[in-house]
1. Within 25 Å of P119 (Cβ to Cβ), touching a Phe, Trp or Tyr at 6+ places or on another chain (Cβ under 6 Å) and modelled with pLDDT of 95 or more: is that true of G26 in this structure?
2. Go through the range 113-156 and report how many residues are more than 17 Å from N80 (Cβ to Cβ), modelled with pLDDT of 85 or more and not in a helix (DSSP H, G or I).
3. Suppose we filter the range 1-29 for residues that are of a type in the set (D, E, K, R) and more than 27 Å from E122 (Cβ to Cβ); how many remain?
4. Which numbered condition trips up A94, out of (1) in contact (Cβ under 8 Å) with a residue 12 or more places away in the chain; (2) out of contact with any strand residue (DSSP E or B) (no Cβ under 7 Å at 6 or more places or on another chain); (3) under 18 Å from L134 (Cα atoms)?
5. Taking V112, is it farther than 21 Å from V7 by Cβ and either of a type in the set (V, I, T) or surrounded by fewer than 20 Cβ atoms within 10 Å (Cβ to Cβ) (or both)?
6. If only one of F4, F103, F38 is in contact with a helix residue (DSSP H, G or I) (Cβ under 6 Å, 6 or more places away or on another chain) and more than 15 Å from A135 (Cβ to Cβ), which one is it?
7. Exactly one condition in (1) in contact (Cβ under 8 Å) with a residue 60 or more places away in the chain; (2) more than 16 Å from G107 (Cα to Cα) is not met by L43; state its number.
8. Which of the strands (runs of 3 or more DSSP E) found entirely inside the range 16-102 contain at least 2 residues meeting this: surrounded by 13 or more Cβ atoms within 10 Å (Cβ to Cβ) and among the aliphatic types (A, V, I, L, M)?
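The values are calculated or read from the model by the stated rules, or taken from the named source; none is laboratory data. For clarity, every value in this text was computed on a predicted model and none was experimentally measured. As a convention, Cβ positions derive from the backbone with ideal geometry for all residues, glycine included, and neighbour counts pool all protein chains shown.
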Amino acid sequence: MKNFPVVVVCFGSPSIAGDSLGPEVGSLLRADSSFPAFVYGTLDRPITGKNMGEWMNFVREVHSDALLLAVDACLGDKGNFGKISVRADGVCPAAACGKKKRFGDVGIIGVVGDKTGDPLSELMQADLDAVGALAREIAALVKAALSPALPSSVTA
């Protein structure tokens with residue numbers, strides 16, 4: 001079985017509370033010097049609706065042999081706030097703006113607001129503390145999934 005390099009691409013804008021999930025995850029992963037993957041999309045260099053086409057092309061070209069793990073916020077049912085879903089077909093970044101182009105081989109989405117309201121209003125009114133907690137949880141899950149397993153200790 002061939003091992004593929006993994007590239008994590010986090011979508012969103014830090015200037016919108018609910019949409020800051022992706023860049024916050026990216027910053028948390030990038031801050032860990034032992035994290036074994038490339039990370040794009042952070043609080044200081046976000047991948048937003050305005051620049052995502054360029055970034056998506058860049059990542060696909062530079063990392064053509066990599067497994068692309070995409071992270072984004074999404075809107076869902078009220079009962080699913082704070083839930084995390086893993087998808088086998090990537091994510092649809094900027095879906096709240098009507099863009100429906102998928103990106104990634106695997107997608108991780110976190111529900112940050114209600115899908116029945118105006119999408120932009122929902123993202124703007126999201127609870128920043130809850131989004132931060134969700135970002136920490138996603139970052140921890142990604143780290144656990146991609147970090148090499150620690151050897152078991154043997155006691156004599």
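1. Numbers: within 25 Å of P119 (Cβ to Cβ): yes; touching a Phe, Trp or Tyr at 6+ places or on another chain (Cβ under 6 Å): no; modelled with pLDDT of 95 or more: yes.
It is false that G26 is within 25 Å of P119 (Cβ to Cβ), touching a Phe, Trp or Tyr at 6+ places or on another chain (Cβ under 6 Å) and modelled with pLDDT of 95 or more.
2. Final tally of qualifying residues: 1.
3. The first filter runs over the range 1-29 and keeps only residues of a type in the set (D, E, K, R), leaving 2, 19, 24.
If we keep only those that are more than 27 Å from E122 (Cβ to Cβ) as well, we get 2.
Of the residues in that region, 1 qualify.
4. (3)
5. On the way: farther than 21 Å from V7 by Cβ: yes; either of a type in the set (V, I, T) or surrounded by fewer than 20 Cβ atoms within 10 Å (Cβ to Cβ) (or both): yes.
Answer is yes for this residue.
6. Details: F4 fails: in contact with a helix residue (DSSP H, G or I) (Cβ under 6 Å, 6 or more places away or on another chain); F38 fails: in contact with a helix residue (DSSP H, G or I) (Cβ under 6 Å, 6 or more places away or on another chain).
One residue alone meets the criteria, F103.
7. (1)
8. Numbers: elements: 38-40, 67-76, 84-87.
By residue number, 67-76.
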